[in-house]
Structures are given as C-alpha cells and as structure tokens.
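See structure below.
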Amino acid sequence: MANYEKPDSWSLRARKEAYPARSVYKLKEMDEKFRLIPPLGRAFRALDLGAAPGSWSLYTLRKLSGGRGGKAGIAEDSFLAAADLSPLSRQYDRGLFDRENFCFVRGDIRTEETRNALLSRGPYRLVMSDAAPATMGNRQIDTLRSLELAEAVLRYGEEGLERGGSMVLKVFQGGDTAGLLKKIRELFETARSFKPAACRRESFETYYLGLGRR
Ligand SMILES: C[S@@+](CC[C@H](N)C(=O)[O-])C[C@H]1O[C@@H](n2cnc3c(N)ncnc32)[C@H](O)[C@@H]1O
C-alpha cells in the first residue's frame, strides 16, 4: 500500500471491502510480510485477542475460506477463537461468525476464566492481539495499561502456542517495551517490532512479533 494515502482512506477502503474497522490493513500487511495465515485449505488454528469489532477475525476467516463468504469452505480442522470485552459487529460477517470453526468469548483476556476458555480450545498456530486499552490521554497511564495487556497476551503465547507458532501483539511505545521484547526473544526464534503503514501517523502504537515458538 502506498504511503501517500491519507489516513482516512483506510477507513473508506475498509467500508468498501466490508470490514468493520480500518485496523484490518495492519494485519493484512503483517500477514503478507510475515506469512502469518496460510492460504486456503491448510489446517490452521488461531486466537484473536481484543477482536472487536471483528476485522482481524473476518480477515482470517475469509482467507481460510478462500474469499468473502467462503464457497470453498474452511478446512475442517481449522479454527479461530476470538475474545473481547465488547461484542463483534455482525454487519459484514455473512454468517462467518456462526460457523463451527469460530468461537467468540466475551470477556477480559486478563482473567483466569477467559484464559481457561480460550486455552482449552488450543493449542494454536497463531496468537494475535490488537487489544488496546481505552486511552485516557495520559501517555504514562495509557502506556502502562497497554503493557499490562501485552504481558497478558504474551502469556497466551507462552501457554497456548504450538512449537513453531507465531504471535503478534500491539503495544504502545514508551513503557518498558525493552523488557517485553526480551521476553519475546526468549520464547521465539525471531522477535521484532513492526509498524504497519495503516497505523495513524500520530499514534504511538506498534506491533511486536514473535516468530517460531521455541
Ligand atoms: C483496536 S480494537 C481491536 C480491533 C480489531 N482488531 C478489529 O480489527 O476489528 C482494541 C480492542 O481491544 C479490546 N480490549 C481492550 N482491553 C481488553 C481486555 N482486557 N480484554 C479483552 N479485550 C480488550 C477493546 O474492547 C477493543 O475492542
């Protein structure tokens, strides 16, 4: 995607391509660069944390089903679990969120209850998280809360990923992200940060990836 696009062009594109949020293009770019989600037909289990309104889940299910509605169907043993405090938007899913290959847990990803519900459906090949706290405008507090979420996500990566699996998580820059990156390095063959083009210019969010769970 060219850099000259205005930030709101991502939202217009999302609407045109029937996604509830522009954030889908962040995942798309990371998927294309790091090959996170396999093409149609290959069995795959993934976990989407902080999933609402549902663009990342929709992108994954569409890719696994070979298109928008999925005439070809999702491989029988492929599965996507998603969780969020808020419900998913049903505006564009065309029944994909009703498929047996998908389950949504409404809850706080930091709690034992939600963790148990999600981990019992694993192990996963990919744990991805776009979870972010509702920002308060106080960078120090926002960053701390984001880091707390990132640490919770890392635990899913630690306990819920199969060997060789990958993890993507969002974090606000500014806190002890060096400590987070160090832990990712310990758990994965490759650890790196990446800021997709669709991130708003003024945003201090970035993504950390762990590739190849040891
Ligand atoms: C940027 S949105 C995710 C957008 C989503 N990836 C998409 O493409 O539609 C961040 C989400 O993180 C969720 N979130 C924040 N804290 C959470 C928590 N503790 N547990 C579960 N979800 C949380 C919010 O409710 C919000 O829906």
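What follows is calculated from the coordinates using simple rules that are stated; it is not laboratory data. Just so it is clear, the structure is predicted and the values come from calculations on it, not from any experiment. In this analysis, Cβ positions are derived from the backbone assuming ideal geometry, glycine residues included, and neighbour counts consider all displayed protein chains.
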**Complete:** Checked the range 10-26 for anything among the aromatic types (F, W, Y) and either touching an Asp or Glu at 6+ places or on another chain (Cβ under 9 Å) or more than 8 Å from the ligand (Cβ to nearest atom) (or both); matches are W10, Y25
**Any chance A43 is of a type in the set (A, V, I, L, M), near the ligand (Cβ under 8 Å from one of its atoms) and either within 13 Å of I74 (Cα to Cα) or in a loop (DSSP other than H, G, I, E, B) (or both)** = no
**Asked** Out of curiosity, is L118 of a type outside the set (V, I, T), closer than 30 Å to A18 by Cβ and not in a strand (DSSP E or B)?
**Response** yes
**Message:** If I filter the range 64-80 for residues that are near the ligand (Cβ under 10 Å from one of its atoms), touching a residue at least 40 places away in the same chain (Cβ under 8 Å) and surrounded by fewer than 23 Cβ atoms within 10 Å (Cβ to Cβ), do I get at least one hit?
**Reply:** no
**Request:** Give the range 71-115 a look and list any residue that's in a loop (DSSP other than H, G, I, E, B) and closer than 19 Å to S23 by Cβ, or say none.
**Result:** L85, S86, P87, L88, S89, R90, Q91, Y92, D93, I109
